[in-house]
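Student: Below: one structure in structure tokens.
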Amino acid sequence: MARGAHQAPGGFWTVAAAPTRCSLPHSLPIPLLAAAAAAAWMAGVSAASTAGKIGSFLSKRPYAPPSWASHLSPAPSQTFSLGHFPTPIHKWNLPNLPNGTEVWIKRDDISGMQLSGNKVRKLEFLMADAVAQGADCVITVGGIQSNHCRATAVAAKYINLDCYLILRTSKLLVDKDPGLVGNLLVERLVGAHIDLVSKEEYGKIGSVALADLLKKKLLEEGRKPYVIPVGGSNSLGTWGYIEAIREIEHQIQISGDVQFDDIVVACGSGGTIAGLALGSKLSSLKAKVHAFSVCDDPGYFHSYVQDLIDGLHSDLRSHDLVNIENAKGLGYAMNTAEELKFVKDIATATGIVLDPVYSGKAAYGMLKDMGANPAKWEGRKILFVHTGGLLGLYDKVDELSSLSGSWRRMDLEESVPRKDGTGKMF
């Protein structure tokens, strides 16, 4: 990162070389304008200095909640630096938007490489708690291509913990080697211990009981396991996206000319939308949160989010904080040809690659609703949170092959001069 750089809406990187680069209200008196500009510039320098300091990545540090969330309890006291934050916000030039509608995108898909996406924010708090409790390993549960499980496996190794993953797959594959496709490749490269269960077993036993069974076994072996729930979605993990709202709030402040009316995001386990909805309500943001569920129905998620909010001793109601719509289509991690074509078309039109399981379905649902109810979205500024999951595309290679870009052998006529050794094979 350049010295004095900060990330603000409208650009991946804006170099704050002078206070005039910060967009501030021009109605302020000159002395106040100068002071506000200087404060914004210093905030950018401070953030850049912290992020760029040698040894700050993967370090554990004290945590203080935003002032507007200080009444929530229990509040974490420590966090691990696992992601590259703040993630950029920039305009997303989607086709066929309603009149006057702007869509901006929060790029949590580039919060890291092996450790990327929305799960990183939750794991920063969960891993700090695991270490504080003296754990020597972590356990978590998910689908066979779970982004959360991959992120957990990487994060655990980063801080010298073993990782045990319980992965759900079909009954036809539960006794076979799961392979090295997508998230599985990263999990197995970093040495995660993988236990497979069939979808039928998972449905009858449940993730909590499965994790408890493995925890009991590890305790008997003298290990000190720490259980992380599906998706990292408990009240502690919720702080990841409460903190993300503080990050967005700061990015808006240093930009000065962008205010969001709505936040749109995929919902797969509930923790991300709980943090965004609670944070948006309590902070100065006050954006309406729209979630598109990719597995269970909206009723389930409203209930689950309410439990997370209640776990932080807030008296707010999930139905007042977030609108949840069903976008699961054929089912979790299953796609129609139309959904996959949408992912391809958006990548071709905008350069943004969406994953097919989460953000792809959320963006598909959002644009479908905009087409059906344009008046609902007209003239609004929307922030879409890209939650990552790019590795999941590798599990869809066969289905995407017919949609991928064309190729051809380059036509080189005989008249083109040729000489051995001319081209260097770098």
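Student: Restricting the first residue to the range 95-107 and requiring it to be in contact (Cβ under 8 Å) with a residue 12 or more places away in the chain and over 23 Å from G117 (Cα atoms), which pairs with a second residue that is among the acidic types (D, E) and open to solvent by 30 Å² or more (accessible area, probe 1.4 Å) meet a Cβ separation below 8 Å and a spacing of at least six or different chains?
Tutor: P98/E378; N99/E378; G100/E378; T101/E378
Student: If you don't mind, another one. Give the range 248-261 a look and list any residue that's part of a helix (DSSP H, G or I) and more than 19 Å from V322 (Cβ to Cβ), or say none. Please lay out each step first, then the result.
Tutor: Start the filter on the range 248-261 by keeping residues that are part of a helix (DSSP H, G or I), which leaves 248-255.
Once the filter is applied, which keeps residues that are part of a helix (DSSP H, G or I) and more than 19 Å from V322 (Cβ to Cβ), the range 248-261 yields H250, Q251, I252, Q253, I254, S255.
Student: Have a look at D369, D297 and point out the one that is acidic (D, E) and crowded, with 16+ Cβ neighbours inside 10 Å. Even if it seems obvious, please write down each step before you answer.
Tutor: Values: D297 fails: crowded, with 16+ Cβ neighbours inside 10 Å.
The conditions single out D369.
Student: Let me spell it out: the conditions are (1) among the polar types (S, T, N, Q); (2) under 18 Å from W239 (Cα atoms); (3) within 21 Å of the chain's Cα centre (by Cα), and S77 meets all of them except one. Which number is the exception?
Tutor: Here S77 clears every test but (3).
Student: Under 7 Å between Cβ atoms, which residue pairs at least 6 apart in sequence (or on different chains) link something in the range 285-308 that is in the same structural domain as K381 (by the TED database) with a partner that is among the acidic types (D, E) and assigned to a loop (DSSP other than H, G, I, E, B)?
Tutor: So the pair list comes out as A287/D261; K288/D261.
Student: Which strands (runs of 3 or more DSSP E) sit wholly inside the range 87-154 and have at least 3 residues that are open to solvent by less than 30 Å² (accessible area, probe 1.4 Å) and not assigned by the TED database to the domain that holds P356?
Tutor: Values: elements: 89-91, 102-107, 137-143.
Correct list: 137-143.
Student: Same structure, new question: Considering only residues that are in contact with a Ser or Thr (Cβ under 6 Å, 6 or more places away or on another chain) and not charged (D, E, K, R), look in the range 247-264 and name the one that is farthest from K361 (Cα to Cα). Can you show your working first?
Tutor: Filtering the range 247-264 for residues in contact with a Ser or Thr (Cβ under 6 Å, 6 or more places away or on another chain) gives 249, 255-257.
Pick out the ones that are also not charged (D, E, K, R) and you get 255-256.
Details: S255: 30, G256: 31 Å.
Filtering the range 247-264 for residues that are in contact with a Ser or Thr (Cβ under 6 Å, 6 or more places away or on another chain) and not charged (D, E, K, R), the one farthest from K361 (Cα to Cα) comes out as G256.
Here's the yes/no breakdown for (1) surrounded by fewer than 12 Cβ atoms within 10 Å (Cβ to Cβ); (2) of a type in the set (V, I, T); (3) not assigned by the TED database to the domain that holds I263:
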position: A375; (1), (2), (3): yes, no, no
position: I382; (1), (2), (3): no, yes, no
position: L403; (1), (2), (3): no, no, yes
position: S406; (1), (2), (3): yes, no, yes
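Student: Under 9 Å by Cβ, and 6 or more places apart or on different chains, what pairs join a residue from the range 260-282 that is within 14 Å of K119 (Cβ to Cβ) and aromatic (F, W, Y) with one that is open to solvent by less than 10 Å² (accessible area, probe 1.4 Å) and in a helix (DSSP H, G or I)?
Tutor: none
Student: I'd like to know if the range 351-372 contains one or more residues that are without any contact (Cβ under 8 Å) to a residue 12 or more places away in the chain, within 14 Å of N93 (Cα to Cα) and out of contact with any strand residue (DSSP E or B) (no Cβ under 8 Å at 6 or more places or on another chain). Write out each step before concluding.
Tutor: Taking the range 351-372 as the starting set, the residues that turn out to be without any contact (Cβ under 8 Å) to a residue 12 or more places away in the chain are 351, 368, 372.
Checking the rest, the ones that are also within 14 Å of N93 (Cα to Cα) come to 351.
Now narrow it down to the ones that are out of contact with any strand residue (DSSP E or B) (no Cβ under 8 Å at 6 or more places or on another chain): 351.
The answer is yes, given that some residue of the range 351-372 is without any contact (Cβ under 8 Å) to a residue 12 or more places away in the chain, within 14 Å of N93 (Cα to Cα) and out of contact with any strand residue (DSSP E or B) (no Cβ under 8 Å at 6 or more places or on another chain).
Student: Do we find a residue being assigned to a helix (DSSP H, G or I) and in contact (Cβ under 8 Å) with a residue 12 or more places away in the chain anywhere in the range 216-224? Break it down into steps so the answer makes sense when it comes.
Tutor: Of the range 216-224, the ones assigned to a helix (DSSP H, G or I) are 216-220.
Still in the list and also in contact (Cβ under 8 Å) with a residue 12 or more places away in the chain: 218.
Within the range 216-224, one or more residues are assigned to a helix (DSSP H, G or I) and in contact (Cβ under 8 Å) with a residue 12 or more places away in the chain.
Student: With the condition kept exactly as written, say whether any residue in the range 231-241 is surrounded by 20 or more Cβ atoms within 10 Å (Cβ to Cβ) and part of a loop (DSSP other than H, G, I, E, B).
Tutor: Within the range 231-241, one or more residues are surrounded by 20 or more Cβ atoms within 10 Å (Cβ to Cβ) and part of a loop (DSSP other than H, G, I, E, B).
The values are calculated or read from the model by the stated rules, or taken from the named source; none is laboratory data. If you're wondering where the values come from, they're calculated on a predicted model, not measured in any experiment. Counting neighbours? That spans all protein chains shown, and the Cβs are built from the backbone with ideal geometry, glycine included. With ligands, DNA and RNA removed, areas are computed over all heavy atoms of the protein, side chains included. Shrake-Rupley method; radii C 1.70, N 1.55, O 1.52, S 1.80 Å.
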